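Novice: Okay, here's the structure, questions in a sec.
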Amino acid sequence: MGYRTYTCPIARDCGGCEWLAVPYPIQLRRKQEQVEALIGNTAEKDGAVVDPIRGMDEPIRYRHKAATPFAHARSGRVRCGFYAAGTHRIVPCDECLVEDPRARKTLNGVARVAERLHIPPYDEDRGTGVLRHAVVRCGWKTDDVLLTLVSRVPELRDERRVVDELRAACPEVTSIVLNVNDRRTNAILGRRSRVLHGPGVMHDELLGCRFEIGPTSFYQTNPAQTEVLYELALEGAGGSGHVLDAYCGTGTIGICAAARSNELQVTGVEQVSAAVACAGRNARANGVAERCRFVAADATAWMARDGRNQRFDAIIMDPPRAGSTPEFLAGAAGLAPQRIVYVSCNVVTQARDLEVLRERGYRLTRVAPVDMFPHTRHVECVATLERS
């Protein structure tokens, strides 16, 4: 792999790529050691080992989602870029080493259009202004580019001209959506969205399946490594039987599993109803709707109410960084699946939750780290457990 290092003119101010000066093989070694320190002894007790971490051949331009805040600058200029680490000071960026090249070009184009059309950026101290953020999603296996403008108000002045100017400045963009966030919050996106141009969604492909991704859909930022992650999850779940996909989002893992094997039935549970509707469309688009069912519900409550009346051979769970809850883990173990596949973006909370599952009769059979975010401290991990 070689001990090549990468440079970026704003890395010190931006703080996003905290390990950029560290040779990539050393980054991988550190992440491997982190997983082994947190889970290695537990895996060894159960007769398992921690797999070598799956890294990238070329750890650049892997982020296919990017965002920028906007702020006032001198002479009517609109500032955009990254927040400096630990502050709300914006560091300008012409090109980002780890982003798809289309992304930053589009975000900077939005700022220039806002300047020309005198669209005032949001002032977070006063709660005034219009343009808060812009978010870009770029297809990995497609040419789709979805631009989401986040506004404090539900309509932009002279909206048709805004769209025309954006299309001229950002010709790669295939859809433009206006998202309304009128809350005094640090959250980027609001609850309401409206299509200004194009279909209002983008499409991408993972493991041969095609997915619709909307402006508020969860979709992994690094699709190349997502395929690696999903392969590990599918291996752990097995190729037959009934799989419960908890925290299923738009159904990506479950649909990939169903497309891989005709002997697999999938039930996905997700609290966000819009994501469930999108999962249904994705299942139909990939020809697996007859074997995939998606339910809009809280996964913990659903398992206690409806899940106990069904038999599951495997559960795939992919919780947020805070990990799962004791109630969810108790519910999952109570369904008594033969296998539980735990996908995590935070090994600290994963290690905690794995101990709970082990106390409830499961043993680790595999721990597989994946480097989803090169040049950062973050490491993803897939842990497979079997019922003792």
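The values are calculated or read from the model by the stated rules, or taken from the named source; none is laboratory data. Model, not experiment: these values are computed from the prediction. Glycine gets a Cβ as well: all are built from the backbone with ideal geometry, and neighbour counts include every protein chain shown. Just so you know, the surface numbers come from the protein's heavy atoms only, side chains and all, with ligands and any DNA or RNA stripped out. Shrake-Rupley method; radii C 1.70, N 1.55, O 1.52, S 1.80 Å.
Novice: Go ahead and run the numbers for FRET between D158 and D57, Cβ-Cβ distance against an R0 of 51 Å, rounding to 0.05.
Specialist: Values: r = 47 Å, r/R0 = 0.91.
In this case the efficiency is close to 0.65.
Novice: Okay, next question. Could you provide, to the nearest whole Å², the per residue accessible area of the stretch 194-318 with probe 1.4 Å?
Specialist: 39
Novice: Taking a probe of 1.4 Å, how large is the accessible area per residue of the stretch 1-145, in Å²?
Specialist: For the stretch 1-145, the solvent-accessible area averages 51 Å² per residue.
Novice: Counting residues in the stretch 84-145 as N, plug N into 2.2 N^0.38 Å and put the Cα Rg over that result.
Specialist: That works out to 1.30 for the stretch 84-145.
Novice: Right, here's the next one. Roughly how many percent of the accessible protein surface of the chain is carbon and sulfur, given a 1.4 Å probe and a whole-percent answer?
Specialist: 48
Novice: So, one more: Please go through the stretch 133-222 and write out the GluC sites (Glu not before Pro) that DSSP classes as loop and that have at most 15 other C-beta atoms within 10 Å.
Specialist: E155
Novice: Run the numbers on the chain and let me know its relative contact order in percent, using alpha-carbon pairs under 8 Å that are six or more apart.
Specialist: Value for the chain: 15 percent.
Novice: Per residue, what volume in Å³ does the convex hull of the Cα atoms of the stretch 193-249 enclose?
Specialist: 112
Novice: So if each residue of separation counts as 0.36 nm, and I subtract the Cα-Cα distance between Q310 and R377, what length gain in nm does that give?
Specialist: Full extension from Q310 to R377 adds 20.1 nm.
Novice: Measure nothing fancy, just the Cα-based angle from helix 24-35's long axis to the longest principal axis of the chain, in degrees from 0 to 90, nearest 10.
Specialist: Helix 24-35 and the main axis of the chain meet at about 50 degrees.
Novice: Sticking with this one: Between the helical axis of 273-285 and the dominant principal axis of the chain, each derived from Cα atoms, what acute angle in degrees is found, rounded to the nearest 10?
Specialist: It is inclined by approximately 80 degrees.
Novice: Report S240's accessible area, 1.4 Å probe, all protein chains in place, as a number in Å² to the nearest 10.
Specialist: Counting only protein heavy atoms, S240 exposes about 60 Å² to solvent.
Novice: Same structure again: If you take all C-alpha pairs in the stretch 286-388, what percent of them are over 21 Å apart?
Specialist: 38
Novice: Spin-label point model (7 Å from Cα, Cβ direction): what's the E44 to A21 distance in nm?
Specialist: Spacing of the two 7 Å Cα→Cβ label points: 3.4 nm.
Novice: Out of the stretch 223-298, which GluC sites (Glu not before Pro) are coil in DSSP terms and have no more than 11 other C-beta atoms within 10 Å?
Specialist: Loop-located and lightly packed - E263.
Novice: Could you work out how much longer the chain between T128 and R12 gets when fully extended? Use 0.36 nm per residue separation minus the Cα distance between them, nm to one decimal.
Specialist: Extra length from T128 to R12 when fully extended: 38.7 nm.
Novice: Next up: Give the Debye-formula value of log10 I(q)/I(0) at each listed q (0.19, 0.20, 0.23 Å⁻¹), with one equal scatterer per alpha carbon of the stretch 225-339, two decimals each.
Specialist: So the normalised log intensities work out to -0.97, -1.09, -1.44.
Novice: Using a 1.4 angstrom probe and counting only protein chains, how large is the accessible area of D123 in Å², to 10?
Specialist: Probe radius 1.4 Å; accessible area of D123 about 30 Å².
Novice: Okay, next question. Two-decimal Rg/Rh of the chain from alpha-carbon positions, Kirkwood Rh?
Specialist: Details: Rg = 21.9 Å, Rh = 22.2 Å.
For the chain, the value is 0.99.
Novice: Taking the Cβ of S75 as the centre, find all other residues whose Cβ is under 15 Å away and add up their charges (Lys, Arg: +1; Asp, Glu: -1).
Specialist: Details: positive: R74, R77, R79, R112, R116; negative: E115.
In short, +4.
Novice: To the nearest 500 deg cm²/dmol, what mean residue ellipticity at 222 nm is calculated for the chain from DSSP H runs of n ≥ 4 alone, each contributing -39,500 (n - 2.57), summed and divided by the residues?
Specialist: On the way: 11 runs with 114 residues, N = 388.
Helix contribution divided over all residues of the chain: -8500 deg cm²/dmol.
Novice: Relative contact order of the stretch 281-341, please, whole-number percent, based on alpha carbon pairs below 8 angstrom and at least 6 residues apart.
Specialist: 40
Novice: Going by a ≥ b ≥ c, the root eigenvalues of the Cα gyration tensor, does the stretch 1-134 fall in the rounded group (a/c under 1.5), the prolate group (a/b larger than b/c) or the oblate group?
Specialist: Prolate, since a/c reaches 1.5 and a/b exceeds b/c.
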